[in-house]
Structures are given as structure tokens and as C-alpha cells.
1. In chain A, if the dipole is taken from +1 on Lys/Arg beta carbons and -1 on Asp/Glu beta carbons about the Cα centre, which of A:LEU377, A:ASN339, A:ILE125 is farthest to the positive end?
2. Which number comes out as Rg/Rh for the stretch A:103-189 once both Rg and the Kirkwood Rh are worked out on C-alpha atoms?
3. May I ask you to derive the relative contact order of the stretch A:194-352, considering only C-alpha pairs under 8 Å and at least 6 residues apart, and to give it as an integer percent?
4. B:GLN94 to B:GLN76: extension gain in nm, 0.36 nm per residue of separation minus the Cα-Cα distance?
5. Lys and Arg at +1, Asp and Glu at -1: add these up for the other residues within a Cβ distance under 15 Å of B:ALA117 and post the number.
6. With heavy atoms of protein chains only and a 1.4 Å probe, what residues of the stretch B:131-174 have at least 30 Å² less accessible area in the full set of chains than alone?
7. About the Cα centre, and with charges only on the beta carbon of Lys, Arg (+1) and Asp, Glu (-1), how big is the dipole of chain A? Nearest 20 debye, please.
8. What does the charge dipole of the stretch A:163-274 about its Cα centre add up to, to the nearest 20 debye, if the Cβ of each Lys and Arg holds +1 and the Cβ of each Asp and Glu holds -1?
Amino acid sequence: MRSFRSIRNKLLMLVLVTTFCALAVASVIILIYDIRDYRDTRINDMRTQIQLLAYATVPALQFEDASVADANLALLRLRPSVQAAAIYNARGQLFASYGRADLEPQFPALPEADSIRTDDTGMAIFSRIIEDGEILGTAYIRGDYLLIERILAFMQIVAGGLLGAMLVATLICLWLQSGITNPIKSIATVARDVVTRKEFDRRAEKNSADEVGMLVDAFNEMLEEIDMRTRALEMSNLNLAAEIGKHEESRELVLQLNSELEQKVRERTRELETINQELETFCYSVSHDLRSPLRSISGFSQALIEELPGELSGDARRYFDKIIAATSRMGQLIEDLLNLSRVSRGELVRQELCFSTLAREVAHDVQGVYPHLAPELSVWDAIDAEADPKLLRIALENLLGNAWKFSGKQDNPRIEVGMLKDGTREIYFVRDNGVGFDMKYADKLFGPFQRLHAVHEFPGTGIGLATVQRIIHRHGGRIWCDSTPGVSTTFYFTLKHDQPDAAANSAGTPDGQQAAGTA
Amino acid sequence: LVRSWPNLGPALLGLLFALPGLLQAQPGATEAEIKAAFLLKFPSYVEWADTAFAAADSPLVIGVVDADLIAANLEQLVPGLSIDGHPMQVWRIQADAMPDGLHMLFVGRARTADAAALLQQAAASAVLTITETDTTQPAGSIINFVVVDNRVRFAVSLATAELAMVRLSSRLLQVAHTVLEGA
């Protein structure tokens, strides 16, 4: 009995409510019947009395003897339920009367037709007194009609009965319900143990073959199932844990290998950088150191020509000229190599600049180098870039120089500098309508000392585009070209790292082939 | 003698005819009127011998001796009146001879002494005899009118009634002023 909601109390309530309702309904029906019965009985009783009275008072009325009528009425004292009675003669005058001792006698002033009337305090009946077809007068009796008292008394009895019945019902219920509540309670106890202590091996005790017994069976089966599943789950949990352990191990192994690999890569990179640095330093010093002996060769060759003006044969004179030209070219080569090496060193300082203005300045300078050429130059307005101005200038000097050089032999040389937008990517380009080159050599274009034309056709050291590529790469950009010989040759480059998707698209593609045909 | 309800219809019709008589009840009514009314009510409380009536609808005859006022009242009330199917008739008769077929005999105050023989004879032949002596009840008189407190009452002699083979209802005795048990 832990709470009001226990099954025990619910059963008790059920029995009590049922008992109460049944008794209440039965009582109401009996009460209604009793009221009707009481009324009918009283009416019959009053009718009988008044008929007897009427019959008895006929002679008194006929022979007008009021004392006899009084004596007749006085007999009514033997019927205590009669409150008052009266006899009226044929003219409606009060002839004789009777009143119960405890009441102030009251009689209607005039008799009424045959009728029965009830009110709060009693029941009144009138009856004509007729003898031999002659109305002799009217009899009147007023009697007790204790409806409310009767109902109250009945209700007292009903209340007592209800109390008794419910007491008996409670006792019987308490006696009988142990057969229902005890098995359920034992199930509840087991269920609580299972829930709170996880004792899945507990079983409820079955001691009846009814629905509760079935419930016990079902509950036990369920527990067995849960027990089994719990075991299976624990098993698979253990397996999973073991597998996860294995996975963890292999993951650690992979991580370790990865970090080792990274370490190796870093070491290699450092080695390579060191080697590169050394190579550049070596290249710089060699170039630098080569210049003085070269200058000696050139200077002394010049001196020899001046010292021996008449003694030199035509051939000798030509050889000397060739020596001087070769040294001059070598000087240029060394200068370019130094440039290349300079481009690779030093810090990259990016800043916002006007690409258009820079391109025009460089074009002006280049025009100064080739005064005999006058190509039609078109530089797009208001192109901005974020780059190292010195390096970008060098790159543009090389690209525009090439454009001037290779378009010089055309009838209408044209050079165009501009920028395209491919999504968020800004692609700068330098285009000319010079001789161009066969696209199958495009991959050789940017290697140092790689030349696609003979020196006597187009002079140059073959280091320019390598320098340009180095500058672009230092900016994180890419450079590629597209050429249709004799029609147009375009060099495209970017100055920023590609977006990941663009990088994926261009993966594995050599610089030269990208975006062919986009111009 | 108690009427059952289904007979109420004809009874009410009778009531209409009886109304004038009713209105002449005691207060303000003459002694003769009251006595006539009483005379007509007596048969209801009286049982005659079976031989008293020749047939079920034979008339019930009241003989009146020397009481003209009462006789006149009776003759006025009687038409249409019947008791138990017997129509009522009023005969004025002389004191010296008793005719056959008489059921009731009323003897007026003046001739009571002269009619002693008639009363005796009537009482012996199953006739309800009524007198009005106011004092002692004469021999042979079954019912005797008396005036008590200015009201008409009557005395009953059971012995005479027994002798006359006339049975009086106890209800009548109830309203009698005096009842003489033995002669």
C-alpha cells in the first residue's frame, strides 16, 4: 500500500463504487415504488374511511341529528392518522366536526366536490353523502400524509444499509483480492529489481493459471529474451572494442609512417634547397668570375686589332671580329644568367600596382631598344595586379622584348597586353602576331638555353623565358603559351596560386598546353 | 340498502324531484313538513316480511289517520318516489278499520287514543306504526315522534317492532332519541 494508486486500492475502489452504485440505484427504485405505494395506500385508506363515515352519518343527516353525527366522527379518534373531519349538510353548512386533540381544528368554509388533495402537511378528501339518489351532504376528512418524514426515514435506512454493505464489501474485497494483487506485486518487485539493479536473471513466481499467470509467463519470457540479447550485445561490444583497438594500432602505425615520411620529405627538401642555394651561389660566382677573363679576351682582341692594323690578313681580321662578337655574346649570357640567379634570390615583396601603367612603361623602354620597329601597341586600361614590381617589370621586359623581336618581320606587327577573367582567376596575357612556333615544342620553351629559332634569325640568349617562368613561379602563378605560327602567339600567366578546383583541372598538365585556344 | 355507484344517475334524477322537500328541512320548516319528510325516510331503514309485497314493484302504502297537514305534505312529496322499486302511495284512512295492503300507518296526535285498536291490529299484521304523542309511547306504536329542544325526534319500541315482524335497521336506532327494549 505505497500509494493511493496501487492495484489493491483500485480494486477496492472498484468494488465499493460498484456496490454503492447498485445499492443507490436499487434504493432509488424502491423509494419511488414506496412513495407511490404509500400514496396509493393512504388514498385507499382515506377513501375507505370517508365512505364508512359517509355511510354511518346518513341517518344522522336524514333525521338531522348533529349529536349522532358528532358521535360518529368522535370514533375517528381511534384512527390517529386523521387530523380533522367534518360533515356538511345538503345546504353546505357545517353539520358536525372532529379535530385531533393536538391540532387547532380547521375546516373548509364550504364543502367541495369529490376530490383528494395533498399538501405539505396532509391529505384532504371530500365525498358526497348520497342515499337513495339524494345528496344528503358532504363528508370531509383530513389525514396525515407524511411523505417527507417517510422519505427521510427511508434514506436513513438506505444510508445504514449502504454503510453496512460497503463495510461487508470491503472485508470481502480485502479477503479476495490478495489472489489478484499478490502475483502482480511480485511481478512489480521483480520488474523493479530488473530495472534498478539490472538483474536480468531474476524470474517472477507463478502461482495462478489465470491472466495474471499468463502475464507472469510472458514477463519471464521477456526477461529471458532480454537476458539473452544483453549477453549477445556485451559479446559484440567486446568484439567491437577489440577491433577498434586493432584499428587504433594500425592508424597509429600509419600516422607514424606518415610523420616519418614527412620528416624525410622535409629533410630532402632542405637538402634540395641547400643544393639549390649552393648551385645558385656557384652559378653567380662563376658568372661573376667569368666576366673579368672574358673582358680580358675581348679587350686584348681589340688591342691586337688596333696594334696590327696592316699586318692582319682578311681572314685574321674576320676571326678577331668573331672572337669579339663571341665574347660580347658570352657577356650577355653571363649577364642573363646573373639576372636569372638574381631573380631567384632575394625576398618577394608584393604590392598593389597598376599593371597597365607598368606595361606601358616597359613597352616604352623596349621601343627604345628597337628603334627601327614600330608595332601597333594596345595595352588594356585599368588592369590591377598584386605583385613584386621589380620582378614583374623584368618579366614584362622579357615578354614584350620577345614580342617586339618576333613580330618585327611582319608587315603589320601588332602587340596586345591585357587580362582575362576565368571565374576568380585573373589571367594576364601578352600577344603578338609574330612568327610564333610549332606547338609540339611548347614544352621546351621555358627551359634555359632552349631556343626554337636560329640566333642569326632572332638574336637572344635563351634565358629570357626561363627567367619569366622563374618570376611567375615565385609569385605562385603559372605561365603557358599558345601559338599559331605567323598568325598569333600568346603568353598567359597568373600571379596567384590557383584555386583548388583549377589546380585539380590542371594537375599533370605541362604549363605550355593549358588553356590553348582560350585567347 | 347501501346503493352502489352505477345507480347514481337515476338517483340524481330523483334528487331533482326531492329538492323542494329538502329545502323544507328543520330550520324554518313546519313540524308537519318535517314529520312528512321523516316518514318518507323510514322505509329505507325498515325490512318488511317477504309476504308484505305481492310483487317486486307493488306499491309501498302509507296510511294516514287524522293528520291532514302531514297527509297533504306526503301527497305532495310522494309522486315519483319509490323505495327499492316500490312506488310510494299515501292513503287517508279512518281509525275504525284497517285496509289490506298497508305497510306503514301514521296516527295523528288527536286520534291516538281512538286508534288504539287499529294500532294493535296493524302492529300484529306487519305494519310499521308511527304516532306523535310527545309523551309516553302508546301500545302498538313502533315509532313515536317527540319534540326535544324544539326539534323533531323519535322514540323506537323494539318490542313492538319485534311483535310486528318489522325489522328496524340499527342505523335508525342510532339516531333514535330513545329506544325501548322491552314492552
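The values are calculated or read from the model by the stated rules, or taken from the named source; none is laboratory data. This structure is a prediction, so every number in the text was calculated from the model and none was measured. Glycine also receives a Cβ, built like all others from the backbone with ideal geometry; neighbour counts cover every protein chain displayed. Calculation scope for accessible area: heavy atoms of the full protein, side chains included, ligands and nucleic acids excluded. Shrake-Rupley method; radii C 1.70, N 1.55, O 1.52, S 1.80 Å.
1. Farthest along the dipole direction, towards plus: A:ASN339.
2. Checking Rg against Rh, the ratio lands at 1.54.
3. Working: 54 pairs, mean separation 29.4, N = 159.
Dividing the mean separation by the residue count of the stretch A:194-352 yields 18 percent.
4. Stretched out fully, the B:GLN94 to B:GLN76 stretch lengthens by 4.4 nm.
5. Taking every Cβ under 15 Å from that of B:ALA117, the sum is -2.
6. B:ARG153, B:ARG171, B:GLN174
7. Values: 56 positive and 71 negative charges, 122 e Å.
Charge dipole of chain A: 580 debye, to the nearest 20.
8. Working: 15 positive and 21 negative charges, 73 e Å.
Computed charge dipole of the stretch A:163-274: roughly 360 debye.
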